[in-house]
Amino acid sequence: MRTLTAVMTAAATAALLLTTSHTASALTADRRPTTVAESAARHPADVRIDEKAPVITRTDILIHAPLHTVWRIQTDVENWPTWQPNVARMAKDTPGRLRPGSVFRWSTEGLDITSTVKQVEPGRRLVWGGPAQGITAVHVWTFTPTCDGVLVHTEESWTGKPVLANKAVLQAALDTSLHNWVTNLKHEAEAQAAR
């Protein structure tokens with residue numbers, strides 16, 4: 001009886017420790033926060049999209065590739081045009097790895113964009129934002145390892161006069177853009193992982 005009690009106490013202690021540590025996130029990776037409030041409770045310092053923006057898009061995709069592969073592809077901004085057909089031009093102003101304050105200028109879908117990195121947590125989270133022809137965007141990426149690969153979640157908000165003037169058109173454009181982005185990222189990462 002004493003041995004059984006000791007085993008049960010050890011199991012409960014281990015569960016409590018996992019629940020309060022980052023390890024719990026990796027072990028329960030298939031469960032992503034379902035609300036902004038729940039997400040904020042988990043990581044209160046995270047940079048977020050503008051929840052009051054007139055245009056917001058969210059999308060997820062499961063990529064069957066290692067986290068380091070997905071992260072490397074996504075953060076190697078200078079090579080985006082090689083796997084993102086809609087990225088026509090890319091120039092990185094800040095040398096080295098992406099970090100808060102890094103700036104890159106790029107052109108996609110007829111928009112000339114200057115993006116500034118707001119947050120980087122290697123292998124977990126990447127946020128950038130900035131202006132594009134009167135539109136102010138905030139783009140958040142999260143990467144969650146699962147038993148099947150990596151769940152990539154992205155969300156982006158757009159504000160500004162052009163958005164208010166053409167909300168339906170710009171909502172459809174952002175929906176299509178993010179769908180294409182995650183699909184292209186999936187194809188590239190899975191192709192590289194298969195090599």
State, to one decimal in nm², a quarter of the convex hull surface area for the C-alpha atoms of region 48-194, i.e. the direction-averaged projected area. 8.0 nm²
Which order do Ile56, Ile49 fall in if you start with the one that has the fewest other Cβ atoms within 10 Å? Ile56, Ile49
Output the Kirkwood hydrodynamic radius of region 119-195, Cα pairs only, in Å rounded to one decimal. 14.1 Å
Which of the lysines could be linked to Lys186 by a straight reach, that is with a Cα gap under 26 Å, when you skip same-chain ones fewer than 8 residues away? Lys92, Lys118
So what's the convex hull volume per residue for the Cα atoms of region 67-151, in Å³? 95 Å³
Which of Asp148, Asp46 comes first, and how do the rest follow, when ranked by fewest Cβ neighbours within 10 Å? Asp148, Asp46
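Each value in this text was obtained by applying a stated rule to the coordinates, not by laboratory testing. Everything quoted here is computed from the prediction, not taken from an experiment. Positions of Cβ are generated from backbone atoms using ideal geometry, with glycine treated the same way; all protein chains shown enter the neighbour counts.
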